[in-house]
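The values are calculated or read from the model by the stated rules, or taken from the named source; none is laboratory data. This structure is a prediction, so every number in the text was calculated from the model and none was measured. Cβ sites come from the backbone with ideal geometry, for glycine too, and all protein chains shown count toward neighbours.
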Amino acid sequence: MQMTFRWYGDDDPVTLEKIRQIPGVEGIVTAVYDTPVGEVWPEESIAHLKKEINDAGMTMEVIESVPVHEDIKLGRGDYKRYIENYKENIRRLAKQGVKTIVYNFMPVFDWTRSQLDHELEDGSNALVYYKEDVDKLDPTKLTLPGWDSSYTPEEMTELINAYKELGEEGLWKNLEYFIKEIMPVAVEEGVNMAIHPDDPPWPIFGIPRIITNEENIDRFLALYDAPNHGLTLCSGSLGCAASNDYAEMAKKYTKMGRVHNAHIRNVKILDDGSFEEAAHKSSCGSLDLVEILKAYHDAGFDGYIRPDHGRMIWGETGKPGYGLYDRALGAEYMLGIWETLDKLDPKKDEVVEVEEETKA
Ligand code: DNO
């Protein structure tokens, strides 16, 4: 596997110089942020990003995300032009050596939380999702980092109503259309497309969400028969629902060769199904990181992995979920587990023995 780290470009207070000092981080996950959703990314912008990252001694093989325009998800308006633009973005990214593109098919809202700076017992701050509070939110007046905040309340109301009308099956139909259009281009360009599950994995504000559990992921993978049609398996998203067995999913989809990217973070699930984001260490949340990483290791995972959100610790301020320190701790914790698994791996010894016998 290759350990990566998300970087939000030149405006990110977590600079490439800092990231390169985290032992074991080899790759940067980033995107072009100043082109409106749906448009083609300028080739110079992609080349510039790549150069900066390479100059800092790291690779740019994962792009997160090339966002999918709402017209595509709704199958209306300019969706055909946006799909052509999407294909062009795949081609342009492939030209710069990008191997994996992350996207999601969540209507309107990307990840959703009720608070971004909830103070945990140890004084650190984390993102939380309290069901009771989310139920009271007015989605037309909300903005969260990671969302397209360019909608007026009227536009937002119209969008939400359009999705309510479309419903789950309508969303599946539009996803299928999109996949069948873009995947031949991705296959031709040698790029893996890695859909991110819905976060949290249940419908919010009465609008559908479909990449939520094993049954639906199976349905998604069946939409197109090519190994390039795959997943960003996110423990923090799927793991928020106690009914999802993330380690099992990691094993199953890695064996199928469909996990191109893994997002790893811990969450603490509360009694009413709410959750708090937690430090990566297993004892801090509801997920067992050793079990999860062992599942990937046993299945021979060789994709990209990154610590997903971190808490804000040691007085750090910045983009919620994307500070330096806690994510760096998470990366080291995962690398430590992985190194241990490597060293204890009996299969590895078998290979060594066979090689030694051959030599003799
Ligand atoms: C949250 C991220 C997501 C992810 C997109 C992928 O921090 O994991 O915002 O980047 O859903 O399209």
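Report, ordered by the first and then the second residue, all pairs with beta carbons closer than 7 Å, sequence separation of six or more or different chains, a first member in the range 180-200 that is farther than 27 Å from W147 by Cβ and at pLDDT 95 or above, and a second member that is within 16 Å of the ligand (Cβ to nearest atom) and assigned to a loop (DSSP other than H, G, I, E, B).
That search, which allows pairs on different chains as well, returns nothing.
For residues that are over 19 Å from the mean Cα position of the chain (by Cα) and in a loop (DSSP other than H, G, I, E, B), scanning just the range 85-100, find the one that is surrounded by the most Cβ atoms within 10 Å (Cβ to Cβ).
Checked the range 85-100; the qualifying residue surrounded by the most Cβ atoms within 10 Å (Cβ to Cβ) is Q96.
How many residues are in a strand (DSSP E or B) and at positive phi when one looks only at the range 297-306?
0
Give me the residue from the range 297-319 that is surrounded by fewer than 21 Cβ atoms within 10 Å (Cβ to Cβ) and in contact (Cβ under 8 Å) with a residue 60 or more places away in the chain and, out of that set, nearest to G123 (Cα to Cα).
I313
With respect to Y163, determine if the residue is more than 15 Å from the ligand (Cβ to nearest atom), of a type outside the set (D, E, K, R) and assigned to a helix (DSSP H, G or I).
yes
Of everything in the range 53-69, what is out of contact with any strand residue (DSSP E or B) (no Cβ under 8 Å at 6 or more places or on another chain) and either under 14 Å from Y33 (Cβ atoms) or assigned to a helix (DSSP H, G or I) (or both)? Give them in sequence order.
Within the range 53-69, just D55 meets the criteria.
Looking only at the range 129-142, which residues are loosely packed, with under 12 Cβ neighbours inside 10 Å and free of Cβ contacts under 8 Å to residues at least 60 places away in the same chain?
We begin by selecting, within the range 129-142, every residue loosely packed, with under 12 Cβ neighbours inside 10 Å; these are 132, 135-136, 138, 141.
Listed by number, the residues that qualify are D135, K136, D138, K141.
Return yes when I217 is closer than 20 Å to D110 by Cβ and at pLDDT 95 or above and no when it is not.
Details: closer than 20 Å to D110 by Cβ: yes; at pLDDT 95 or above: yes.
Yes; evaluated as a whole, the condition is true for this residue.
On the given criteria, is I179 within 28 Å of Y8 (Cβ to Cβ) and away from the ligand (no atom under 14 Å from the Cβ)? Let's see the steps before the verdict.
Numbers: within 28 Å of Y8 (Cβ to Cβ): yes; away from the ligand (no atom under 14 Å from the Cβ): yes.
Taking the combined requirement at face value, the residue satisfies it.
Only one of (1) surrounded by fewer than 16 Cβ atoms within 10 Å (Cβ to Cβ); (2) modelled with pLDDT under 95; (3) over 25 Å from R91 (Cα atoms); (4) of a type outside the set (A, V, I, L, M) is not met by Y151, so which one is it?
The number of the failed condition is (1).
Before we move on, is D133 in a helix (DSSP H, G or I), modelled with pLDDT under 95 and out of contact with any helix residue (DSSP H, G or I) (no Cβ under 9 Å at 6 or more places or on another chain)?
Details: in a helix (DSSP H, G or I): yes; modelled with pLDDT under 95: yes; out of contact with any helix residue (DSSP H, G or I) (no Cβ under 9 Å at 6 or more places or on another chain): yes.
Spelling it out, D133 is indeed in a helix (DSSP H, G or I), modelled with pLDDT under 95 and out of contact with any helix residue (DSSP H, G or I) (no Cβ under 9 Å at 6 or more places or on another chain).
Just checking, which of E64, E70 is among the acidic types (D, E), out of contact with any helix residue (DSSP H, G or I) (no Cβ under 7 Å at 6 or more places or on another chain) and surrounded by 15 or more Cβ atoms within 10 Å (Cβ to Cβ)? Break it down into steps so the answer makes sense when it comes.
Values: E70 fails: out of contact with any helix residue (DSSP H, G or I) (no Cβ under 7 Å at 6 or more places or on another chain).
None of the others qualify; the one that does is E64.
Do we find a residue being polar (S, T, N, Q), over 18 Å from N261 (Cβ atoms) and surrounded by fewer than 21 Cβ atoms within 10 Å (Cβ to Cβ) anywhere in the range 45-55?
Applying the first criterion (polar (S, T, N, Q)) to the range 45-55 yields 45, 54.
Filter once more, keeping what is over 18 Å from N261 (Cβ atoms): 45, 54.
Remaining after also requiring surrounded by fewer than 21 Cβ atoms within 10 Å (Cβ to Cβ): 45, 54.
Scanning the range 45-55, I find at least one residue that is polar (S, T, N, Q), over 18 Å from N261 (Cβ atoms) and surrounded by fewer than 21 Cβ atoms within 10 Å (Cβ to Cβ), so the answer is yes.
Is the range 117-125 home to any residue that is in a helix (DSSP H, G or I), over 20 Å from the mean Cα position of the chain (by Cα) and more than 14 Å from the ligand (Cβ to nearest atom)? Break it down into steps so the answer makes sense when it comes.
From the range 117-125, those in a helix (DSSP H, G or I) are none; that's our starting set.
The answer is no; no qualifying residue exists.
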